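Colleague: Below is the structure I would like to discuss, written out as structure tokens.
Throughout, read-outs are computed from the coordinates displayed, never taken from laboratory work. Quick caveat, the model's predicted, so the values are computed rather than measured. With ideal geometry, Cβ positions are generated from the backbone for all residues, glycine too; neighbour counts draw on all protein chains shown.
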Amino acid sequence: MSSIAAAAPAVHAHHDDRSFIRKYIFSTDHKIIGIQFLFVSLFFLFLGGLLAMQIRWQLGYPGRPMPGGGILPETMAPGGVILPEYYIQLVTMHGTFMVFFAIMPLLVGVFANYLIPLKIGAHDMAFPRINMWSFWSAFTGGLVMFASLFVPEGAARAGWTMYAPLSARHDLSGAGLGQELWSISIVLLGLSSILGSLNYITTIINNRTPGMTWFRLPLSVWALFITAILGLLALPVLSGAAIMLLFEQILGTHFFDPAAGGQVLLWQHLFWFFGHPEVYILILPAMGMVSDIVANGSRKPIFGYHSMVFALVGIGFLGWVVWGHHMFMSGMNPTLGSTFMVTTMIISVPSAIKVFNWMGTMWRGNLRFHVPMLNAIGFVAMFVIGGLSGVFMAATPVDMPIHDTYFIVAHIHYVLFGGSLFALFGAITFWYPNMFGKMMNERWGKIHFWLTMLFFNLTFFPMHILGMGGHMRRIYDPTQYNFLKPYQPMNTFITIAAFALFASQLIFALNFILSLKWGKKAPLNPWEDNGLEWTLPTPPPHGNWDRPPTVYRGPYEYSAPQVAEDYLPQTKKLPTDREPAAAPVAGH
Amino acid sequence: MAHATATVDVMRPPAPAERGVDVYNLKLGMWVFLASEVMFFTALIGSYIVLRFGASPNPWAQPGKVLSIQITAFNTFLLICSSVSMVKAYASIADGNVKLMKVWLLVTILCGATFVGIQVYEYTHLIHHGFQPSGFREGSELAELAAADPVKYGAATAGLYGSTFFTMTGFHGFHVTCGVISMTYVFIRALRGKYSQQDHRGIEVIGLYWHFVDLVWIILFTIVYLI
Amino acid sequence: MAETRHAHPPYLLIWLYLFVLTVAEIALAFELPFSRNVKLILLLLLALWKAFLVAMFFMHLKFEKWNLRLIAIVPLPLALILVLAVITEHVW
């Protein structure tokens, strides 16, 4: 029986004589780029959280001066009292930062970059320099968006969905430069996404190491592949729309101007044609990584690997024809609306298949409740709730009263926070040792998980009730409506829970930062995982492998009978294994 | 596993690797990029189609009234010629003729640059006569012509006409310009002897981009100028 | 050896083809007495034909593997879905 555990990998680090700047600032190494995305995105996640705290203050204590609000300008919050003009900026920018500069780059910018070459046995991405430009383009976009908070008239304020004509006309919104900077920032982000996607797609198609056939790819890689295709084809539509919006703002075009024959719904269609694939971009990588972690934590192969792949492909495919469900109340063509209702109902099926498969994986597994596993299980549970509310919204007649209410806000946050963010907490903890050579603290990780789970549900579950009671989104002062006054105690309750939720995240932040220096040194394969990335030193050297490794089996051979250990890495050769088919003629 | 020997064929997919799409990375990457470009132009051209369809019963300006067909027909011819010269450049280097490749590449760059120049001229001409992204400028020659004959000049839809025309052709022109700059860079590398029969990936790949730009123009010329 | 060696397609012939089609388009748009809708359809067909020639011969798609052709084709149905769906907004 072979002993996998302690054998040091026979790998020699490439002789690396690059300068500090080439190594860590303008790096073309996919691992460094992934880590760059990580630090920048965590900053924006924190910023989005700060904006959310202010929103919750206003909703919980309408019109009352906010503690610390004195630092805000008088035009936005005189005496710390949030003005409506500022409130609508908070709501807009919270959504914008969280979607575009936190969750998307955390899932894709970090993990596509970091994991793909490692998990497929490649030295780096197909185009390392384009990868670098992808990061710096996103960074510049983030800088522009951040700057828009500080311009004289304030930031964009038409909601993160930027509906025209409010977003297009300065006389309607009151925002000028801030609105224009939003458009410019989004174009830069779109470019970053497109460049990244083309890298991921090319690398996965062409640079898989011998033996790494399509159906031996880990589900994280499959998910990132489908995500990249979605990003490649959806982001350009957003960029086009954002450019049209910018021209509307600065060149006086009339795309969305009904008085000149333009169509307001054109913006909505363009935006959501991008927007729906976007939400799958925000969940698919999380699903993929959760699959890897759940298999690892269950010490069992993923249940139904092939159906998991087909479900990913199915979601990617169907995701293009459901966008109208965001527009049921827009006044769109009703027949078109009904079509979207049907397609939206259908798309719940592949997601359900995945949930059953995760449960099937855990069933009678030798469960290890390490921090990543806890977060992954949390993902599954919260995603089910978020998905169920989606079924409500998919039915057009049901969507009519709940559209633009807090029911939608609850859904969004159950899938994005309960789903994507929990998956991220798990994924960051899981791959932290590979990235930094240290372990995050297990005990504080568990405390963070349970506190987050508690306060997350206390914050967002009541929003379903608010929404069904008619509490609308983006509203500044609910108490102005008599029918909403009875809900005010619930709003206050949510606010307090939200403050506790935010405070709990400080535990994760501290755990992350302090472990960089004082964390336990990571052993070679701390999670006893099958992935290729764990056959390298932690962290892996520049260029990853001296010679490309050979893959002999699929990614989830846990509790395999052939070996004593309960895991069997993809690259471990057993006497019964055959070499993969001869590689094609030597090339570049 | 043996390392790649000195006779590595870079015009083949990377190795050792599982079988992908049987082309080298740069070519696959360019095709993937072009797929994204199709979606970008879909947003712009699709919006044009939607807006023009939706504008009826208000009439759109008739072909040739606001825009000059003679100049743009010549430009179309020029771009098609540049596509031929580009593919001849590729064929030359694929057959091993470096010198001929450089000649054809230069021809392509000159045709492309001329195209851009003519477009700039067209734009200044149009703006001078009062056609701008927001429609017909008040008090301009075009505004007066449109007031006199609102059907022929599509007075009621002038705002949409200007918005869609300048955005579509402007971004196409931007892509052509990027192409000319990239080809100039490739040409300089060619002068330094970087391309050969064994490695002419850069030529093939910039050719793909250039043909794509030509293809978009073929669509644009028809649906913007002729319909 | 470079990818599948085959004789180059007749580029100059394709160029001539494109030239003739372009002239046909302009003639159709301005000289020929068809109705507006017929002109629209014929012009679109001519444009697509030209585009097809450029894609198949200049961009070499005719000689590439099916999976590379797939990458080129995939965005097209998406584009069609978007445009057709949004056009129905006007129709109703």
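Colleague: So who's got an amide H within less than 5 Å of the one on residue B:132, skipping anything under 5 residues away but keeping other chains? H placed 1.01 Å off N, in plane.
Modeller: B:137
Colleague: Given the options B:29, B:64, B:54, state which has the largest fluctuation in a GNM of chain B using a 10 Å cut-off (strictly under) for Cα springs.
Modeller: Looking only at B:29, B:64, B:54, the largest GNM fluctuation is found for B:54.
Colleague: Here's a follow-up. Under a Cβ-Cβ cut-off of 12 Å, what is the net charge of the residues other than residue B:154 that fall near it, where Lys and Arg count +1 and Asp and Glu count -1? Don't skip to the end; give the middle numbers.
Modeller: Numbers: positive: B:52, B:65, B:152; negative: B:149.
My count for the surroundings of residue B:154 gives +2.
Colleague: Take every Cα pair under 8 Å in segment A:36-535 that's 6+ residues apart, average their separations, divide by the length, and report that relative contact order as a whole percent.
Modeller: Rounded, it is 15 percent for segment A:36-535.
Colleague: Determine the calculated [θ] at 222 nm for chain A from helices alone, applying -39500 (n - 2.57) to every DSSP H run no shorter than 4 residues and normalising by the residue count; nearest 500 deg cm²/dmol.
Modeller: Values: 17 runs with 328 residues, N = 588.
Helix contribution divided over all residues of chain A: -19000 deg cm²/dmol.
Colleague: Does anyone have the angle between helix A:488-518 and the longest principal axis of chain A? Alpha-carbon axes, 0 to 90°, nearest 10?
Modeller: 30 degrees
Colleague: Just to check I understand the Karplus step: with θ = phi - 60° and J = 6.51 cos²θ - 1.76 cosθ + 1.60, what whole-Hz values come out for segment B:94-107, glycine and proline as x?
Modeller: 5, 8, x, 9, 5, 4, 5, 4, 5, 4, 4, 5, 4, 4
Colleague: Then there's this: Given points 7 Å out from each Cα along the Cα-Cβ axis, report the residue A:496 to residue B:114 separation in nanometres with one decimal.
Modeller: Inter-label distance under the simple model: 7.9 nm.
Colleague: How many angstrom lie between the C-alpha centres of segment B:166-212 and segment A:234-248?
Modeller: Taking the Cα centre of each part, segment B:166-212 and segment A:234-248 sit 25 Å apart.
Colleague: Cut-off is 10 Å between beta-carbons; in what order do A:414, A:406, A:305 appear when sorted fewest neighbours first? Don't jump to the answer; show the numbers that get you there.
Modeller: Details: A:414 25, A:406 29, A:305 22.
The most exposed by this proxy come first: A:305, A:414, A:406.
Colleague: Through the Karplus equation 6.51 cos²θ - 1.76 cosθ + 1.60, θ set to phi - 60°, convert the phi angles of segment B:49-54 into ³J(HN,Hα) values in whole Hz; use x for Gly and Pro.
Modeller: After applying 6.51 cos²θ - 1.76 cosθ + 1.60, I find 4, 4, 5, 5, 4, x Hz.
Colleague: Next up: Under the rule a/c < 1.5 gives rounded, and otherwise a/b versus b/c splits prolate from oblate, where does segment B:2-98 land using the Cα gyration tensor? Let's see the in-between values first.
Modeller: Values: a/c = 7.23, a/b = 1.97, b/c = 3.66.
It comes out oblate by the Cα gyration axes.
Colleague: Say each of residue C:12 and residue B:148 gets a label point 7 Å from the Cα, pointing the same way as Cα to Cβ; how far apart are those two points in nm?
Modeller: So the label points at residue C:12 and residue B:148 sit 4.9 nm apart.
Colleague: OK, next. Which shape class, rounded, prolate or oblate, goes with the protein assembly as shown when its Cα gyration tensor gives a ≥ b ≥ c as root eigenvalues, a/c under 1.5 marks rounded, and past that a/b bigger than b/c marks prolate? Kindly include the intermediate steps, with their values, before the conclusion.
Modeller: Values: a/c = 1.94, a/b = 1.13, b/c = 1.71.
Judged from the Cα gyration tensor, the protein assembly as shown comes out oblate (a/c at least 1.5, b/c at or above a/b).
Colleague: Considering only DSSP beta bridges where both residues belong to the protein assembly as shown, give the percentage that are antiparallel (nearest 5). Let's see the in-between values first.
Modeller: Working: 6 of 8 bridges.
Percentage antiparallel, nearest 5: 75.
Colleague: Please arrange C:90, B:125, B:172 by how many other C-beta atoms lie within 10 Å of their C-beta, fewest to most.
Modeller: Going from sparsest to densest Cβ surroundings: B:125, C:90, B:172.
Colleague: Mind checking the mean number of beta-carbon atoms from other chains within 10 Å of the Cβ atoms in A:261-274?
Modeller: Working: counts 14, 7, 9, 0, 5, 7, 1, 2, 8, 8, 0, 0, 9, 3.
Rounded to a whole number, the mean comes out at 5.
Colleague: Rounded, prolate or oblate, given the Cα gyration tensor of segment C:8-59, with a/c below 1.5 counting as rounded? Mind dumping the intermediate values first?
Modeller: Values: a/c = 5.08, a/b = 2.14, b/c = 2.37.
Judged from the Cα gyration tensor, segment C:8-59 comes out oblate (a/c at least 1.5, b/c at or above a/b).
Colleague: Positive end of the dipole of the protein assembly as shown, charges at C-beta (+1 Lys, Arg; -1 Asp, Glu), about the Cα centre: which of A:400, A:558, B:123 has its Cα farthest in that direction?
Modeller: Value computed over the given set: A:558.
Colleague: Between segment A:70-122 and segment C:7-36, what is the C-alpha centre distance in whole Å?
Modeller: Value for the Cα centre distance between the two parts: 52 Å.
Colleague: Note the angle between two axes, namely the Cα long axis of helix A:111-120 and the longest principal axis of the Cα atoms of chain A, as a number of degrees from 0 to 90, rounded to the nearest 10.
Modeller: It is inclined by approximately 20 degrees.
Colleague: Rounded to the nearest Å, what's the spacing between the alpha carbon centres of segment C:47-88 and segment A:348-384? Just the number, please.
Modeller: 40 Å
Colleague: Count charges around residue B:61 for me, please; just the other residues with Cβ under 11 Å from its Cβ, Lys/Arg as +1, Asp/Glu as -1. Write down the numbers at each step before the final one.
Modeller: Details: positive: B:52, B:65, B:152; negative: B:149.
Around residue B:61, the surrounding residues sum to +2.
Colleague: ³J(HN,Hα) across segment A:193-198 via Karplus (A = 6.51, B = -1.76, C = 1.60, θ = phi - 60°), whole Hz, x for Gly/Pro?
Modeller: Here the 3J(HN,Hα) series is 5, 5, 4, x, 4, 5 Hz.
Colleague: What dipole magnitude, in Debye to the nearest 20, does segment A:36-535 give about its Cα centre under +1 on Lys/Arg Cβ and -1 on Asp/Glu Cβ? Let's see the in-between values first.
Modeller: Values: 22 positive and 17 negative charges, 311 e Å.
So the dipole magnitude of segment A:36-535 works out to roughly 1500 debye.
Colleague: So who's got an amide H within less than 5 Å of the one on residue A:405, skipping anything under 5 residues away but keeping other chains? H placed 1.01 Å off N, in plane.
Modeller: Here the answer is A:473, since their amide H atoms fall under 5 Å of that of residue A:405.
Colleague: Write out the chymotrypsin sites (Phe, Trp or Tyr not before Pro) in segment C:9-63 meeting two conditions: DSSP loop, and at most 15 other Cβ atoms within 10 Å of their Cβ. Kindly include the intermediate steps, with their values, before the conclusion.
Modeller: Working: sites: C:11, C:15, C:17, C:19, C:30, C:34, C:49, C:52, C:57, C:58, C:63; in loops: C:34.
Passing both the DSSP loop test and the Cβ count: C:34.
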